[in-house]
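Taking it in order: structure first as structure tokens, then the write-up.
No lab work stands behind these numbers, since they all come straight from the coordinates. Keep in mind the model is a prediction, meaning the values are calculated, not measured. Cβ coordinates were reconstructed from backbone atoms using ideal geometry, including for glycine residues, and neighbour counts include every protein chain displayed.
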Amino acid sequence: EKGGYDHFMLKEIYEQPSAILDTFRGRLLSNEAVIKLAGVEDNMKKFLAADRIIVVACGTSWHAGLVAEYIFEDLARIPVEVEYASEFRYRNPVITEKDIVIAISQSGETADTLAAIKLAKSKGAFVFGVCNVVGSSIARESDAGAYTHAGPEIGVASTKAFTTQITVLTLMALRLARAKGTMSSSEFRHHLIELETIPGKVEEALQSDAYVKTVADIYKDSKNCLYLGRGFNFPVALEGALKLKEISYIHAEGYPAAEMKHGPIALIDEQMPIIVIATKKGHYEKVVSNIQEIKSRKGRIIGIVTKGDVSVKELADHVIEVPETIECLTPLLTTIPLQLLSYHIAVMLNKNVDQPRNLAKSVTVE
Ligand code: F6R
């Protein structure tokens, strides 16, 4: 059932190229330059009239929501707020009929997310579900939705659910960008063609596995770890840190790279590994100067870089390459080595990778 892999988590990490393809199926028609998402199409008027989108989710799904915030605002120019479902539901939030609430949930059963959408519905908002489990409570409770089609995710640490959530949300943002006219038809076409290359590029990113394992071996005994990223890759830094915490029990924090100097920089010493996402597109020069700041404090730097990178390579202790793509799609690639790094560290530390202590796959209590 693990298909020859030692753990479900590793199997699911490796399934990502095909899971993303499954998410595209019938939806991404690049020859015709069309995106088909019935849940969006059928409610286009509501989407076009919406003042803003509020994303509610927990954990990794919340991180996918943060990536979506950057993508929706950049491509479709729709204001987005991303909320922890557990905070949103108890805050007496301001919600109106002109709001669209997107609930993101792999299991579709997370109690706080379910309660958040019930609250939003009671205030007249339109609720759109992005779930993986077909027929789940959140899927049923939503007014419309789009499934991720990642297939069953067994490992407690979410991997392919995350990348397929980002895939669905990207398709939505592109479809809305086209409908709103915030994107030209040639830009739109270009994005579709790039999106179509992502499964192959994820496959290529997976080839860093053996090297990531050697990096894992060097840092497995660390007590702390810092993950940094900017823009589209800031949420990926948060997700990388969460993945490490939950399966290896090493303390890790994700930060926007520029926030480092407002506090976490105090933690840096010769022992501290700092994983920096520094792809060519997206504030590259600024991230390079953040790396210089770490270097001058003798931190150990692991750079996630674009294939062929030179500048970060000169500064970092290790670099892990991912293929080049357009900026808004980089999270789908930079996530891969971070998943592998957590996985290998946890295995080396003899932790229960698929069922970490104190965690459940589906959190049906608040
Ligand atoms: C992390 C993880 C959790 C879930 C969270 C939400 O790897 O699995 O943080 O992402 O409990 O679960 P869903 O997406 O099922 O609502």
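Could you pull out every whole DSSP H run in the chain that spans at least 18 Å of Cα extent along its own axis and averages 0.0 or higher on the Kyte-Doolittle scale? Can you show the working numbers first?
Values: long enough: 59-71 (19 Å, 0.38); 160-180 (30 Å, 0.60); 185-206 (32 Å, -0.34); 234-248 (21 Å, 0.59); 331-348 (26 Å, 1.25).
In the chain, the long hydrophobic H runs are 59-71, 160-180, 234-248, 331-348.
Could you work out the Kirkwood radius for the chain, taking every pair of different alpha carbons, averaging 1/r and inverting it, reported in Å?
Working: mean 1/r = 0.0485 Å⁻¹.
Result for the chain, one decimal place: 20.6 Å.
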Distance cut-off 20 Å, percentage of C-alpha pairs in region 287-366 lying past it: 52
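Just to confirm a number: summing +1 for Lys and Arg and -1 for Asp and Glu over residues other than SER186 whose beta-carbon lies under 14 angstrom from that of SER186, what do you get?
Numbers: positive: ARG178, ARG189; negative: GLU187, GLU194.
Here the count lands on 0.
Considering only DSSP states other than H, G, I, E and B, which GluC sites (Glu not before Pro) in region 78-117 qualify as loop sites with at most 16 other Cβ atoms within 10 Å? Spell out each step's value before the answer.
Numbers: sites: GLU81, GLU83, GLU87, GLU97, GLU109; in loops: GLU97, GLU109.
Sites meeting the loop and neighbour criteria: GLU97.
Treating only the Cβ of Lys, Arg, Asp and Glu as charged (+1, +1, -1, -1), what charge dipole size does region 269-337 show about its Cα centre? Round to the nearest 20 debye. Numbers along the way, then the final one.
Working: 9 positive and 10 negative charges, 9 e Å.
That gives region 269-337 a dipole magnitude of about 40 debye.
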Rounded to the nearest whole number, the per residue volume of the convex hull around the C-alpha atoms of region 220-364 in Å³ is 113
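Using the structure shown, list the pairs from LYS201/LYS281; LYS160/LYS351; LYS121/LYS245 with a Cα-Cα distance above 23 Å, or answer none. Walk me through the intermediate numbers first.
On the way: LYS201/LYS281 16 Å; LYS160/LYS351 21 Å; LYS121/LYS245 34 Å.
From the list (LYS201/LYS281; LYS160/LYS351; LYS121/LYS245), the Cα-Cα distance tops 23 Å for LYS121/LYS245.
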Between region 143-165 and region 206-273, the Cα center-to-center distance that results, in Å: 24
For region 273-366, which trypsin sites (Lys or Arg not before Pro) pass both filters: DSSP loop (anything but H, G, I, E, B) and at most 10 other C-beta atoms within 10 Å? ARG357
If each of ASP317 and HIS190 carries a label point 7 Å out from its Cα toward its Cβ, how far apart are those two points in nm? 3.9
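Restricting attention to region 63-136, which chymotrypsin sites (Phe, Trp or Tyr not before Pro) occupy a DSSP loop and are surrounded by at most 14 other Cβ atoms within 10 Å? Show your work: numbers first, answer last.
Values: sites: TYR70, PHE72, TYR84, PHE88, TYR90, PHE126, PHE128; in loops: TYR90.
Here the sparse-neighbourhood loop sites are TYR90.
For ASP221 and GLU366, what does the FRET efficiency come to when R0 = 41 Å and r is the distance between their Cβ atoms, rounded to the nearest 0.05? List each step's numbers first, then the result.
Working: r = 36 Å, r/R0 = 0.87.
Taking R0 as 41 Å, the efficiency between ASP221 and GLU366 is 0.70.
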About the Cα centre of region 122-281, how large is the charge dipole given +1 on each Lys and Arg Cβ and -1 on each Asp and Glu Cβ? Please answer in debye to the nearest 20. 520
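Using +1 on the beta carbon of Lys and Arg, -1 on that of Asp and Glu, and nothing else charged, what's the dipole of the chain about the Cα centre, debye to 20?
Roughly 400 debye for the chain.
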